[in-house]
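**Q** Quick one: this structure, given as structure tokens, is what I'll be asking you about.
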Amino acid sequence: MPFSEVSKMSQRREFVALVEGHTVSLAEACRRFGISRPTGYKWLARVRAEGPAGAAERSRRPQHYPAKTAGAAEAAVLALRAEHPRWGGRKIARRLRDQGLAAVPAPSTITGILHRHGAIAPDAAERRAPRRFERCAPNELWQMDFKGHFATATGRCHPLTLLDDHSRFALCLEACANEQAGTVRGQLERLFRRYGLPDAILADNGPPWGATSHPDSYTALEVWLLRLGVRLLHGRPRHPQTQGKEERFHRTLDLEVLQGRRFAGLEHCQRAFDAWRRVYNHERPHDALALAVPASRYTLSPRPFPERLQEPDYGALDQVRKVNRHGYISFHGHRLKLPEAFAGLHVALRPTIIDGLWTVHFAAFGIAQVDLRDPKGHVSPVNDVPAHL
């Protein structure tokens, strides 16, 4: 959608930051953000002429602190802490440098300033977040989950969140009315149009992306992703740490946005989410990124979202079968059961080096293995990549 009045500052900053990654043309980036080329060129020219501040709205608030005296530096520290009460010494120091402060105090000095002014509890201590494994490049893996829902004055809010694993860039923070598959698919379509397609998405095992009662089955949402060439991975059951980046993001969201606040409804939630997401991606130094901001490491995916899904293209030697509405196919005299989510779609069977053992493929992915040596034709699930991380 085009730049909106409510969030145009954050969208301008995001547009400029992402187009500078050079993974897609400026024309393609304009198409994804729903703006004209002249508008895109205007904001790109402004940021090249004025630096990162050129992407921001013209504000009455000073963009730089003169800080010619220790008192001015201390005032700058306290002002930033008041704006972001959960930030500690290291984050404040990095953000003040990014804002152009002439003489930034050391993080330990900033912590002392905060203690002296009662801005943090006397026994509080910053803790360095543990390093976690990350993917090598943006869009190799996105992590997706719903944060625990909470009450508003008019109903409940179900925050849907997606993070890029490599950069920690928050792709989505959406105030949803429910956690249904249709809601998730609609949000994913919006994200795919803007950011492009990832290689894979990591989610937990529950609905709407997983079938808790049948962990080796497929959901309609997962089959749709496979048709797009996106593998849906699932965290290990009862191991929430598999999605550690999402869990940490949810804790930060809770501390910096939700705690102690009441919301009138979903629109009120979304305004707060949009404002904080901009800060999180473009201003808030991230401990796991050596205090860089996530936007500095994220680039748009070069894989565009296809508005029309194509039928899978199989090889000339593949044995192609159409899955009936109950999930069955007929093959070499056997009636074989596949997940019902593939009903109405075509799959391909390919022989292995073992006589009588075949693999079943949907689009570019292996989904099952068929053993015709079994009189009943045994079908077992199989994945090209591990189903659980």
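The values are calculated or read from the model by the stated rules, or taken from the named source; none is laboratory data. Here the structure is a predicted model, which is why all the values come from computation and not from measurement. Glycine also receives a Cβ, built like all others from the backbone with ideal geometry; neighbour counts cover every protein chain displayed.
**Q** Out of PHE305, PHE249, which single residue is outside the structural domain of ALA203 (by TED's automatic domain parsing), surrounded by 17 or more Cβ atoms within 10 Å (Cβ to Cβ) and not basic (Lys, Arg)?
**A** Of PHE305, PHE249, the one residue that is outside the structural domain of ALA203 (by TED's automatic domain parsing), surrounded by 17 or more Cβ atoms within 10 Å (Cβ to Cβ) and not basic (Lys, Arg) is PHE305.
**Q** Continuing with the same structure: Condition check: part of a loop (DSSP other than H, G, I, E, B) and at pLDDT 95 or above. Does ALA272 satisfy that?
**A** No; evaluated as a whole, the condition is false for this residue.
**Q** Determine the pairs where a residue that is within 30 Å of CYS136 (Cα to Cα), located within region 152-180, has a partner that is among the β-branched types (Val, Ile, Thr) with Cβ atoms under 6 Å apart, the partner being 6 or more residues away or on another chain.
**A** Partner pairs satisfying both residue conditions: LEU173/THR161.
**Q** Hey, can you tell me all the residues within region 183-206 that are surrounded by fewer than 20 Cβ atoms within 10 Å (Cβ to Cβ), under 13 Å from LEU221 (Cβ atoms) and modelled with pLDDT of 95 or more?
**A** The answer is THR183, ARG185, GLY186, GLN187, GLU189.
**Q** Quick check on region 1-40: of everything there that is modelled with pLDDT of 85 or more and farther than 23 Å from GLU307 by Cα, which residue is nearest to the chain's Cα centre (by Cα)?
**A** THR39
**Q** Looking at region 272-292, I want the residues that are more than 20 Å from GLN11 (Cα to Cα) and have a partner that is among the aliphatic types (A, V, I, L, M) and not in a helix (DSSP H, G or I) with Cβ atoms under 8 Å, at least 6 apart or on another chain. Which pairs are those?
**A** These pairs meet every condition: HIS286/ALA292; HIS286/VAL293; ASP287/ALA129; ALA288/ALA129.
**Q** Quick one: ARG373 ticks every box in (1) out of contact with any strand residue (DSSP E or B) (no Cβ under 6 Å at 6 or more places or on another chain); (2) modelled with pLDDT of 95 or more bar one, so which box is it?
**A** Every condition holds for ARG373 apart from (2).
**Q** I'm told GLY100 meets every condition in (1) on the phi < 0 side of the Ramachandran plot; (2) at pLDDT 80 or above except one. Can you identify the failing condition by its number?
**A** (1)
**Q** List pairs: first in region 88-116 and in contact (Cβ under 8 Å) with a residue 40 or more places away in the chain and surrounded by fewer than 20 Cβ atoms within 10 Å (Cβ to Cβ), second in a helix (DSSP H, G or I) and not hydroxyl-bearing (Ser, Thr, Tyr), Cβ under 7 Å, 6+ apart or cross-chain?
**A** Final answer for the pair search is ARG90/PRO107.
**Q** Follow-up question, since we're still on this one. Given the conditions (1) at pLDDT 95 or above; (2) part of a helix (DSSP H, G or I); (3) more than 24 Å from ILE367 (Cα to Cα), which single one is not true for LEU163?
**A** If we test LEU163 against (1) at pLDDT 95 or above; (2) part of a helix (DSSP H, G or I); (3) more than 24 Å from ILE367 (Cα to Cα), just (2) comes out false.
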